[in-house]
1. What's the local net charge at GLU213, with K and R +1, D and E -1, over the other residues with C-beta under 13 Å away?
2. Using Cβ counts within 10 Å as a stand-in for footprinting exposure, how do ARG84, ARG186, ARG34 rank, fewest first?
3. Quick check on my link table: of LYS6/LYS47; LYS69/LYS260; LYS153/LYS223; LYS19/LYS267; LYS10/LYS260; LYS6/LYS78, which ones sit more than 24 Å apart, alpha carbon to alpha carbon?
4. Length gain on complete extension for the stretch ASP124 to ASN240, per 0.36 nm per residue less the alpha carbon to alpha carbon distance?
5. Which parts of region 92-114 would a label at ASN132 reach, counting a residue when its backbone N lies under 11 Å from a point 7 Å out along Cα-to-Cβ?
6. What angle, in degrees between 0 and 90 and rounded to the nearest 10, separates the Cα long axis of helix 211-228 from the longest principal axis of the Cα atoms of the chain?
7. If you line up the long axis of helix 181-193 against the longest principal axis of the chain, both from Cα atoms, how many degrees apart are they, to the nearest 10?
8. What order do you get for 261-268, 71-78, 54-61 when each peptide is scored by the mean count of other beta carbon atoms within 10 Å, highest first?
Amino acid sequence: MSRIPKEPVKLVEVPSTNKIPERDIDKSPILECRHLGIDFGGLAAVKDFNMAIGRTEIAGLIGPNGAGKTTVFNLLTKVYQPTRGTILVDGVDTHNMNTVQVNKAGIARTFQNIRLFDNLTVEDNVKLGLHNHINYGMWSGIFRLPNYWKEEKVAHERAIELLSIFDMGYLAKYKAGSLPYGAQRRLEIVRALATTPSLLLLDEPAAGMNPSETAELMENIVKIRDTFGIAILLIEHDMNLVMGICEGIAVLNFGQIIAKGTPDEIKNDPVVIEAYLGKQKEA
């Protein structure tokens, strides 16, 4: 699979010693993790996790199975509460926030296993992501008062607008469960975008996709960053995808980051090669 052409990106250190794209250096990172960790039964699943994501960065988090990648996503979205450490979203400490509050603070995610409401329409699935922006009360909804219809009209227009960006507007009235696999993946991303995040977390977005679908996904990830001006952090085992679109890549091993750099830096890092990518063959 060919890589999507992109301008070379220089990663620079921020005061915390983390690295973000040079173009984002004049703004604070959208995400910063400081000494993050969680223990399960006395075992440290994630330890001393330090990472920053620039405001328009496409970043990758890679590592062997069981390295703790999805656990990190669960910490960022407060599915798990950290045992120690700090998570800053747009400079705000998420300590004691729950999953809903973290979403309102600017983090949205997709899951490794697709989690759509199969019996709802495509449009209604997207509308569920607009819940932060719907402003009618319970009685307006029950009795279908004018404010209900006003807000429903706004939600309908926004849902169609988001679907149209990914050429899915014509599918609005289809049941989500009837869509092909690749379209279901796109729908889950659109629903996450409906929450207007500043940081989108994608957990194995290419899982189960054929090469053609993966190539389309790569284009869509770049399109999301450019269209919405947000940061994207993805977990992915498809190294062609990671190396093709990610600007910064962090490598996780045994719950701890062992390297972060550009794709070329990661590919040539001897610690990464041994821990994850495999030992290089002798020339």
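1. On the way: positive: ARG185, ARG186; negative: GLU216, GLU219, ASP238.
Within the 13 Å Cβ shell, the charges total -1.
2. The order, fewest Cβ neighbours first, is ARG84, ARG34, ARG186.
3. Numbers: LYS6/LYS47 33 Å; LYS69/LYS260 14 Å; LYS153/LYS223 26 Å; LYS19/LYS267 17 Å; LYS10/LYS260 12 Å; LYS6/LYS78 33 Å.
Pairs exceeding 24 Å: LYS6/LYS47; LYS153/LYS223; LYS6/LYS78.
4. Values: separation 116, 0.36 × 116 = 41.76 nm, distance 3.36 nm.
Net length gain for the segment: 38.4 nm.
5. 100-109
6. 80
7. With both axes taken from Cα atoms, the answer is about 80 degrees.
8. Details: 261-268: 16.8, 71-78: 22.0, 54-61: 24.2.
Highest-to-lowest ranking by the protection proxy: 54-61, 71-78, 261-268.
Computed from the coordinates by the stated procedures, all read-outs in this text should not be read as laboratory data. Here the structure is a predicted model, which is why all the values come from computation and not from measurement. Cβ: placed from backbone, ideal geometry, glycine included. Neighbour counts: every protein chain shown.
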